[in-house]
Amino acid sequence: MVTHTKHRFRQPVLFHPSSLSLVPRSFRAALADPNWRAAMEEEYSALLQNNTWDLGPRPARANVVSGKWIFKHIFNTDGSLVCYKARWVLHGFTQHPGVDFTETFSPVVKPATVRTVLSLALSQLADPPA
């Protein structure tokens, strides 16, 4: 059996390791590293700037939704580091409809909704008002 190494075939190295900060396992470890701390501050300021939430009184019988930080390195296609990325994600599985929240928002348009709107528009064009 002939392998690639016997034919002196070498795969080019795309990733050149540099001094990367390890992905932290907790937010306390991330706060100790200036790279991850800057990524966390950037995410937090973006959440505040976009008015992601409103602070209000806690409703009776409502659960407090906790969250956690997710950390990730973002690389270019050549393997160089683009940035340190930190995301704040919530544990929404602890909520109950009607108790913890009353409305939801989905920025995704479903195909059935598009078909319904187009059908209504087309029916209005086909039958002009008398």
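The values are calculated or read from the model by the stated rules, or taken from the named source; none is laboratory data. Bear in mind the structure is a predicted one, so any value in this text is a computation, not a measurement. Every residue, glycine among them, receives a Cβ derived from its backbone with ideal geometry; neighbour counts consider all protein chains shown.
Just need a number here: residues in segment 24-61 that are part of a loop (DSSP other than H, G, I, E, B) and either of a type in the set (Lys, Arg) or surrounded by 13 or more Cβ atoms within 10 Å (Cβ to Cβ) (or both).
5
Filter segment 73-101 for residues that are of a type in the set (Asp, Glu) and surrounded by 11 or more Cβ atoms within 10 Å (Cβ to Cβ) and give the result.
Within segment 73-101, just 100 meets the criteria.
With respect to residue 121, determine if the residue is at pLDDT 75 or above, surrounded by 10 or more Cβ atoms within 10 Å (Cβ to Cβ) and more than 30 Å from residue 20 (Cβ to Cβ).
Yes.
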